[in-house]
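Have a look at the structure below before the remarks.
The values are calculated or read from the model by the stated rules, or taken from the named source; none is laboratory data. Computed from a prediction, not measured in an experiment: that's the story for all the values here. Cβ sites come from the backbone with ideal geometry, for glycine too, and all protein chains shown count toward neighbours.
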Amino acid sequence: MSVLGAESWWSRLWFRESGSTFVPSSDALFFFIFTVSAIAFVGLMFAMLWFGVMYRRSKVGNVAEVSSPHNTKLEITWSVIPAIVMAIMFYWGFQDYLKKLIAPSDAMNVYVTASQWAWEFTYPDGGGTLESEMIGVKVSPVIAFPAGKPVKLIMTSRDVIHAFFVPSFRTKRDIFPNRYTTLWFEPTDRVTHTFSADDKKLVPVDPNRPGYYLFCAEYCGDQHSQMAGRVAIVSDTDYVKWRNAQLDTSGIPLRDLGEILYFNKGCSACHTVDGSKNTGPTWQGIWGTNDHAVGWTPPSGSDAKAGVVGPEYIRQSILDPSAYIVPGFTNQMTSYQGRVTDREILALMTYIKWLNSDFREEAEADGVRELDERGLVAN
């Protein structure tokens, strides 16, 4: 290993670092299959070249020797030995597969929802993750699990087939719409992050090894390569502190919370905030305008103005997105009913309002006033 525990080029050539208890058995099986295959390949290539030289076409006039039509010992040898090797591979692989299939009864259940092109996690306390970091060109979620404790993921998809893949855990499972699949793992005792009480976020122990990567391993659309995440392993104490911090958003100003939710609720996968076009309409500058809501009518009993983007329009778009489809876009957004709280909806409204420069000061004032009314001060 090099300075600060970074991986050497040799370790990166073979496998990335080990992050779960599945690694030793999975790697041993892989190298067994790799070694047998390499030996068989080299042996076959050598035999092919040797036979090609020794039994090449004879010179004109020479009569070729008559080859033996049958060799029982040879045929039994090349049938029995590969069969034994394949049986060993099958039995070994089947045993490891069963270990990965059946989660321990004391495993912590975490619900995973995949969508184009975002991950959403729900922990046993009912909350998700509000923490994120830049991976490549996209802001991706950070999820944390306690070291040395088994975790069971219960996964589903809102649209197409995805796959939960953490290379350092040596585990992967497809995720399908309209059904649940499960996956479990037990992180090693190596702690990758600690919880900072000042920043209320996770901090890498070693900047050169900042946890593990989460990828989608099933092609799911044009932003498939950007559907990533960061897996952090923390101590039991830091895990409790982190979960408490994730659940308590009361002191975060509405605009700031809205921006956090924009990334961590998957909104950024379809909606931009810079005016560029994506699979969903942009949020930039739409608040208070009527170009974006042509033909929209408020729900019965509402005093909202028809065709104007405001609180009622945003709320309906989040909870009942099929009620009104912006011209030029398709009906592909799923409802967030039950997945966001009233304050989170208010935060998204405030953030969208802030994205229109004409309402920016008003949006910031709304956030300060909301905290004041609850007797809180922004963090």
Within segment 132-162, residues basic (Lys, Arg) and either in contact with a Pro (Cβ under 9 Å, 6 or more places away or on another chain) or more than 28 Å from LEU257 (Cα to Cα) (or both) come out as LYS149, LYS152, ARG158
Is it the case that PHE169 is modelled with pLDDT of 90 or more and buried (at least 18 other Cβ atoms within 10 Å of the Cβ)? yes
So the strands (runs of 3 or more DSSP E) completely within segment 193-237 holding 3 or more residues that are assigned by TED's automatic domain parsing to the domain that holds THR156 and over 15 Å from PHE165 (Cβ atoms) are 193-196, 201-204, 228-234
Scanning segment 238-280 residue by residue, the ones that are part of a helix (DSSP H, G or I) and in contact (Cβ under 8 Å) with a residue 24 or more places away in the chain total 22
Checked segment 331-353 for anything over 25 Å from the mean Cα position of the chain (by Cα) and loosely packed, with under 13 Cβ neighbours inside 10 Å; matches are ASP342
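Please indicate, with yes or no, whether at least one residue in segment 74-85 is acidic (Asp, Glu) and surrounded by 10 or more Cβ atoms within 10 Å (Cβ to Cβ).
Within segment 74-85, the subset acidic (Asp, Glu) is 75.
If we keep only those that are surrounded by 10 or more Cβ atoms within 10 Å (Cβ to Cβ) too, we end up with 75.
Looking through segment 74-85, at least one residue is acidic (Asp, Glu) and surrounded by 10 or more Cβ atoms within 10 Å (Cβ to Cβ).
Residues being surrounded by fewer than 17 Cβ atoms within 10 Å (Cβ to Cβ) and of a type in the set (S, T, N, Q): count how many of those fall in segment 236-273.
The first filter runs over segment 236-273 and keeps only residues surrounded by fewer than 17 Cβ atoms within 10 Å (Cβ to Cβ), leaving 236-237, 240, 244, 247-248, 250-251, 272.
Checking which are of a type in the set (S, T, N, Q) leaves us with 237, 244, 250, 272.
Within segment 236-273, residues that are surrounded by fewer than 17 Cβ atoms within 10 Å (Cβ to Cβ) and of a type in the set (S, T, N, Q) number 4.
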Counted residues in segment 148-165 being farther than 13 Å from THR181 by Cα, surrounded by fewer than 18 Cβ atoms within 10 Å (Cβ to Cβ) and either β-branched (Val, Ile, Thr) or in contact with a helix residue (DSSP H, G or I) (Cβ under 8 Å, 6 or more places away or on another chain) (or both) come to 2
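Looking only at segment 309-330, filter to residues that are outside any helix (DSSP H, G or I) and among the aliphatic types (A, V, I, L, M); which one of those is farthest from the chain's Cα centre (by Cα)? Outline the logic, then answer.
Within segment 309-330, the subset outside any helix (DSSP H, G or I) is 309-310, 320, 324-330.
Then drop every residue that is not among the aliphatic types (A, V, I, L, M), which leaves 309, 325-326.
On the way: VAL309: 33, ILE325: 28, VAL326: 29 Å.
It comes out as VAL309.
Is it the case, given these coordinates, that ALA118 is of a type in the set (A, V, I, L, M) and buried (at least 19 other Cβ atoms within 10 Å of the Cβ)?
Values: of a type in the set (A, V, I, L, M): yes; buried (at least 19 other Cβ atoms within 10 Å of the Cβ): yes.
Considered against the rule, which asks whether it is of a type in the set (A, V, I, L, M) and buried (at least 19 other Cβ atoms within 10 Å of the Cβ), ALA118 comes out as yes.
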Only one of ARG243, ARG255, ARG230 is touching an Asp or Glu at 6+ places or on another chain (Cβ under 7 Å) and at pLDDT below 90, namely ARG255
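Do we have any residue at all in segment 259-268 that's at positive phi, at pLDDT below 90, within 19 Å of the chain's Cα centre (by Cα) and in the same structural domain as ILE286 (by TED's automatic domain parsing)? Please lay out each step first, then the result.
If we filter segment 259-268 for residues that are at positive phi, which is where we start, we get 266.
In the following step, the residues that additionally are at pLDDT below 90 were identified as 266.
Of the ones still in play, those that are also within 19 Å of the chain's Cα centre (by Cα) are 266.
Restricting the remaining residues to those that are in the same structural domain as ILE286 (by TED's automatic domain parsing) gives 266.
Looking for residues that are at positive phi, at pLDDT below 90, within 19 Å of the chain's Cα centre (by Cα) and in the same structural domain as ILE286 (by TED's automatic domain parsing), one finds at least one in segment 259-268, hence yes.
Tell me, yes or no, whether segment 77-98 has at least one residue that is assigned to a strand (DSSP E or B), closer than 29 Å to PHE164 by Cα and polar (S, T, N, Q). Full working, then the answer.
Filtering segment 77-98 down to residues assigned to a strand (DSSP E or B) leaves none.
No, segment 77-98 contains no residue that is assigned to a strand (DSSP E or B), closer than 29 Å to PHE164 by Cα and polar (S, T, N, Q).
For segment 112-135, what are the residues that are under 18 Å from THR341 (Cα atoms) and in a strand (DSSP E or B)? Spell out how you get there, then give the answer.
First pass over segment 112-135, keeping only residues under 18 Å from THR341 (Cα atoms): 113, 120-131.
The answer is THR113, GLU120, PHE121, THR122.
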